[in-house]
Amino acid sequence: MVDVLPSAPVWLGDHRGLLRFYAYQRKPGDPPQTIGTFTLDSEDAVVVLNALKGEKGEPGTPSPIIRPQWGHGYSSVAALHAGENALTTLDAGRAWYINGTWNIWTGSAWRQEQGSLEGPPGPTPDLSMSVEIVPQPVSGPYGEIVVDRSGTDEDPHFHLKIPGIPGPQGDNSTIRGSLDYDNSADPLDGQGIVFDITSGKFKPGDMSPYAAELYTIPQGAFQNGSFSTGEQIIAQLTIEARSTAWYPDVMGHVRWRRAILSSAQVQIEVRIEPENSSPSVPGNAPICALGPFDPSTLDTTTVSHIAPHFSHEGDPMRAVSPTSAVGRIPAGQAVNVYVIARRIGGNGSYIIDAEWSQLALRAYPVS
């Protein structure tokens, strides 16, 4: 325990707070003593003391007049001193308020005076509102908007009563009578509503350009026979130019087997290239589907199952997305679809069996 001198104060601790001082007047005949109360609640404190009324004093010195410089734009005292470095005695009394302090030029030097004390942050109100449409006055002006206030200062609610004014008659409820519909041509059976950017209106139109279309290569279009080339076109299909860009979605199957004493390893590829390009080396055209080689293939007939495939060893990250150009066939472009048997390993011939072979291609428009 710390030893202290008799009657010396003992420090107990500190507490941050905002003190508010009040005084009450001492009544005549009260004992000559000073009493008071001190109340502390969280960070707010109230001190109440005696008010001792004395004799009237001599008049004080008049406060010097200052000339506030509003809207000065200075955010720091250093910036003020740097910007106002040519002041003279004629500028005496000019004052700049910065961060709660008045910076006053006396005519020969700077002087600072406390301008204000920052109080504690007040509560943030949780404001809510509601609106009610009330009948418009039968005659006279539009009518007043009435605001009914309820709730507390921290949780106020305002209810607005607004006179309702009937608006003009709305557009016709029928589609063909709407203002943004081009009714210059009668719709045909099965047509839907499409937007015409030229006229800026909706009109009847064919919805089928935005639906997938199916193409197939039947087994009768596949080549039968024995082949020894490293790359052999076994079927092909020409797709006419379409009015919208589209993506191919290819599925299918091809039967093949090895010739006698052959170790050929064959995969089936589907590639697409523009119609006017040379098909002499279709393997250079972009790949869109693949039937991989099955390592379990021996000398019996096997089925190569074809599914969508866009990447390859030269570009293993090639992928299709709604915004990419990969696999996309542009509008107005006719294309040739080639089904290719490619020997990727081994030696010898391979035999394509067209029976039950088929390819199906769905063209999905890019909307």
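The residue that is nearest to E240 (Cα to Cα), among those in region 325-349 that are out of contact with any Gly (no Cβ under 9 Å at 6 or more places or on another chain), hydrophobic (A, V, I, L, M, F, W, C) and part of a strand (DSSP E or B), is V335. Listed by first and then second residue, the pairs linking a residue in region 211-222 that is under 17 Å from I340 (Cα atoms) to a residue that is aromatic (F, W, Y), with Cβ atoms under 9 Å apart and 6 or more places separating them unless they lie on different chains, are Q219/W356. Pairing residues of region 10-31 that are closer than 14 Å to L52 by Cβ with residues that are part of a loop (DSSP other than H, G, I, E, B), at Cβ distances under 8 Å and at least 6 apart in sequence or on separate chains, gives Q25/K53; R26/L52; R26/K53.
One residue stands out in region 85-94 among those that are of a type outside the set (S, T, Y) and either assigned to a helix (DSSP H, G or I) or touching an Asp or Glu at 6+ places or on another chain (Cβ under 7 Å) (or both): the one that is surrounded by the most Cβ atoms within 10 Å (Cβ to Cβ), namely D91.
Among the conditions (1) of a type in the set (V, I, T); (2) part of a loop (DSSP other than H, G, I, E, B); (3) under 30 Å from R343 (Cβ atoms), the only one that T198 does not satisfy is (3).
On inspection, I260 does not qualify as among the β-branched types (V, I, T) and assigned to a strand (DSSP E or B).
In this structure, is N99 within 52 Å of the chain's Cα centre (by Cα) and under 28 Å from P121 (Cβ atoms)? Against the criterion (within 52 Å of the chain's Cα centre (by Cα) and under 28 Å from P121 (Cβ atoms)), N99 qualifies.
Does region 109-124 contain any residue that is in contact with a Pro (Cβ under 9 Å, 6 or more places away or on another chain) and of a type outside the set (D, E)? There is no residue in region 109-124 that is in contact with a Pro (Cβ under 9 Å, 6 or more places away or on another chain) and of a type outside the set (D, E). So for region 88-102 (the condition being in contact with a Pro (Cβ under 7 Å, 6 or more places away or on another chain), modelled with pLDDT of 90 or more, hydroxyl-bearing (S, T, Y) and more than 30 Å from Q33 (Cα to Cα)), does at least one residue qualify? Scanning region 88-102, I find at least one residue that is in contact with a Pro (Cβ under 7 Å, 6 or more places away or on another chain), modelled with pLDDT of 90 or more, hydroxyl-bearing (S, T, Y) and more than 30 Å from Q33 (Cα to Cα), so the answer is yes. The set of residues in region 177-225 being loosely packed, with under 15 Cβ neighbours inside 10 Å, of a type in the set (G, A, S), under 26 Å from E240 (Cα atoms) and within 41 Å of the chain's Cα centre (by Cα) consists of G190, G192, S208, A211, A212. Mind telling me which of the residues Y97, Y74 ends up being touching a Gly at 6+ places or on another chain (Cβ under 8 Å) and either in the same structural domain as E43 (by TED's automatic domain parsing) or assigned to a strand (DSSP E or B) (or both)? Only one candidate passes the filter, namely Y97. Taking the criterion of being surrounded by 10 or more Cβ atoms within 10 Å (Cβ to Cβ), at pLDDT 90 or above and out of contact with any strand residue (DSSP E or B) (no Cβ under 9 Å at 6 or more places or on another chain), the residues of region 289-325 that qualify are D315, A319.
Quick one: is I98 of a type in the set (A, V, I, L, M) and surrounded by fewer than 14 Cβ atoms within 10 Å (Cβ to Cβ)?
In short, no.
Within region 157-183, if we keep just the residues that are within 14 Å of Q136 (Cα to Cα) and among the small types (G, A, S), the residue that is modelled with the highest pLDDT turns out to be G164.
Close contacts from region 272-291, counting a first residue that is among the charged types (D, E, K, R) and a second that is modelled with pLDDT of 90 or more and not in a loop (DSSP other than H, G, I, E, B), with Cβ to Cβ under 9 Å and a gap of 6+ residues or different chains, come to E273/V335; E273/N336; E273/V337; E273/Y338; E275/T238; E275/I239; E275/V335; E275/N336. Only residues that are in a loop (DSSP other than H, G, I, E, B) and touching a Phe, Trp or Tyr at 6+ places or on another chain (Cβ under 9 Å) were counted across region 221-253, and they come to 2.
The values are calculated or read from the model by the stated rules, or taken from the named source; none is laboratory data. Quick caveat: nothing in here was measured; it's all calculated off a predicted structure. Don't worry about glycine lacking a Cβ; one is built from the backbone with ideal geometry, like all the others, and counts go over all protein chains shown.
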